[in-house]
Amino acid sequence: MIKNSSNIMALSPNTSNKRETVCIFGTGDFGRALGYKMIQSGYPVVFGSRSKQASSLIPKDAEVLSHAEAAQKSAIIIIAIQRQHYNFLTSLSEVLHGKVLVDISNNLKINQYPESNAEYLAQLVPGAKVVKAFNTVSAWALQSGTLDASRQVFVCGDDMEAKQMVMDIVRALGLTPVDQGSLLAAQEIENYPLQLFPMWKFPILLSLSLVTFFFFYCLIRDVIYTYIYENKDFSFFIAISIPNRIWPILALILLSLVYLPGVLAAIIQLYRGTKYRRFPDWLDKWMLCRKQLGLVALAFASLHAVYTLVIPIRSFVRWRSSNQIISQALNNKTEPLNITNAWISDSYLALGILGFFFFVLLGITSLPSVSNSVNWREFRFVQSKLGYLTLILCTAHTIVYGGKWFLSPSSYRWYLPSAYMLALIVPCIVLVVKFVLVFPCLDKPLTRIRQGWERNAPYSE
């Protein structure tokens with residue numbers, strides 16, 4: 001009960017006080033949607049427009065006046081017009097002096113202008129207090145009320161009092177203000193809505209590159225080679241067999257790439273003897289997208305699980321099984337159960353099931369709704385300890401499945417090893433280096449370094 005009441009207070013501050021009149025310059029889609037939402041929240045709203053005639057699109061409880069008249073009636077003015085139309089504001093400099101101007105504009109591309117729209121507005125009207133806000137909320141979300149995906153509103157400005165007034169309005173509308181600092185942050189805020197999955201570019205490009213490489217690699221070994229040397233047409237492998245080899249390979253490689261930067265960071269810190277020096281830019285960017293790499297790896301692992309389930313209903317598998325049964329019947333001979341193969345088959349299936357289970361567990365704990373409900377130690381235990389356990393299980397699953405072909409000369413077609421062998425290179429390197437790093441002779445100095453100790457510091461012991 002206490003928690004619920006605090007949430008209500010956070011969303012609707014000062015509900016007992018009368019709301020101040022808010023002025024909106026612009027009667028476009030966003031200006032009207034914001035006006036509707038403010039009226040619903042108890043704010044008197046006045047629109048400043050070139051035409052004083054009330055339109056049927058304007059909220060009926062809102063007043064429409066000229067820009068100068070509307071500005072005089074409010075201390076907060078929301079500028080809901082595009083940057084190219086800001087010039088008329090210079091003629092209103094006296095009226096706007098001391099007012100809070102809320103810039104909500106966005107651009108068509110990232111860094112379209114040398115300075116942000118909010119900074120440009122501050123230059124045009126130097127006597128006003130400019131605050132950047134609301135540009136991350138869409139008109140459709142305001143009108144429909146579906147604000148779950150865009151509840152955060154980034155706010156920045158040089159005047160603390162003006163910024164606080166805008167943040168109070170944000171809370172009153174049922175949104176969550178996020179203070180981003182001074183007006184210098186406006187350009188970053190304006191670029192935010194234009195970014196298309198910025199943290200996903202590297203994982204997706206890397207995944208596409210690996211898919212392309214392994215597809216043609218398997219195509220050469222399993223389809224082209226058999227067609228040339230054995231005169232067999234296995235082109236239908238492209239639909240199920242080859243993808244079901246690529247998916248687990250990519251899942252394993254990408255999962256190991258989640259933990260490889262942490263291992264590299266540990267080696268760099270041990271070499272430098274300090275944690276107070278920045279990592280290389282490529283390593284910083286790599287570490288920031290580890291979550292996305294892990295989720296892409298989980299997607300490939302899920303595809304592998306689905307593709308594996310359909311194997312028994314494949315025409316090729318049913319033909320092969322029936323052919324073996326008929327061959328045994330014609331020869332009047334039954335092959336005895338190979339206990340070794342049975343152990344290998346059951347082992348790699350069990351390792352795959354367990355690995356996929358922990359893989360899914362890692363994906364679930366990365367969700368904000370789950371990660372926010374656990375403390376840092378619990379989250380680190382799941383993502384680190386269980387993460388390495390998942391990597392061990394998935395690596396063992398691959399070794400047990402493809403191990404019987406590693407030393408077989410027939411598996412090296414055109415001197416090319418099986419794709420499973422290539423898949424084991426990165427995870428084995430990660431696991432071996434991690435195993436070495438847990439030795440006390442390396443783990444203890446690394447722990448001291450991460451606690452602030454420096455090898456070459458004058459006060460170090």
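The values are calculated or read from the model by the stated rules, or taken from the named source; none is laboratory data. What you see is a predicted model; the values in this text were computed from it and never measured. When we count neighbours, we look across all protein chains shown, and the Cβ atoms used for this are built from the backbone with ideal geometry, even at glycine. What goes into the accessible areas is simple: the full protein's heavy atoms, side chains included, and nothing from ligands, DNA or RNA. Shrake-Rupley method; radii C 1.70, N 1.55, O 1.52, S 1.80 Å.
The mean sequence distance of close C-alpha pairs (under 8 Å, at least 6 residues apart), as a share of the length of the chain, puts its relative contact order at 11 percent.
When the accessible area of region 200-451 is split by element with a 1.4 Å probe, what percent falls to carbon and sulfur?
68
This model, with +1 at the C-beta of Lys and Arg and -1 at the C-beta of Asp and Glu, gives the chain a dipole about its Cα centre of some 1000 debye. A Förster radius of 51 Å, combined with the Cβ-Cβ distance separating V360 from D443, puts the computed FRET efficiency at roughly 0.95.
Other residues within the sphere of radius under 15 Å centred on the Cβ of V125, judged by their own Cβ, net out at -2 (K and R +1, D and E -1).
Segment K404..D29, full-extension length gain: 128.5 nm, with 0.36 nm per residue of separation and the alpha-carbon distance subtracted. Figure note: F197, F154, F202, F88 ranked by solvent-accessible area, largest first, 1.4 Å probe, ligands and nucleic acids not counted: F197, F202, F88, F154. Between K73 and K109, the FRET efficiency from the beta-carbon distance, with R0 = 45 Å, is close to 0.80. With the simple model of a label 7 Å out from the Cα in the direction of the Cβ, L367 to N338 spans 4.3 nm. Working ranking of peptides 216-227, 400-411, 105-116 by packing, defined as the average number of other Cβ atoms within 10 Å per residue, highest first, is 216-227, 105-116, 400-411.
The alpha carbon convex hull volume per residue for the chain rounds to 258 Å³.
Label-to-label distance, S321 versus S302, with points set 7 angstrom from Cα along the beta-carbon direction: 2.8 nm. Between L330 and K232, how high is the FRET efficiency from 1/(1 + (r/R0)^6) when r is the Cβ-Cβ distance and R₀ = 25 Å? Nearest 0.05. Taking R0 as 25 Å, the efficiency between L330 and K232 is 0.65. Of the peptides 363-371, 262-270, the ranking by mean beta-carbon count within 10 Å, highest at the top, reads 262-270, 363-371. For the chain, the solvent-accessible area with a 1.4 angstrom probe is 58 square angstrom per residue. If the segment from Q451 to F379 were pulled out straight at 0.36 nm per residue, it would be longer than the present Cα-Cα gap by 24.0 nm.
Among beta bridges from DSSP that stay inside the chain, the antiparallel ones total about 10%.
Remark: the D179-E20 segment gains 55.1 nm on full extension, using 0.36 nm per residue and subtracting the alpha carbon distance. Helix 160-172 and the longest principal axis of the C-alpha atoms of the chain enclose an angle of approximately 70°.
Excluding same-chain neighbours fewer than eight residues apart, the lysines reachable from K385 by a Cα-Cα span under 29 Å are K201, K275, K285, K291, K434, K444. Estimated purely from DSSP H runs of n ≥ 4, each contributing -39500 (n - 2.57), the mean residue ellipticity at 222 nm for the chain is -17000 deg cm²/dmol once divided by its residues. Altogether, the Stokes-Einstein calculation at 20 °C and 1.002 mPa s, with the Kirkwood radius of region 200-451 over Cα pairs as Rh, returns a diffusion coefficient of 104 µm²/s.
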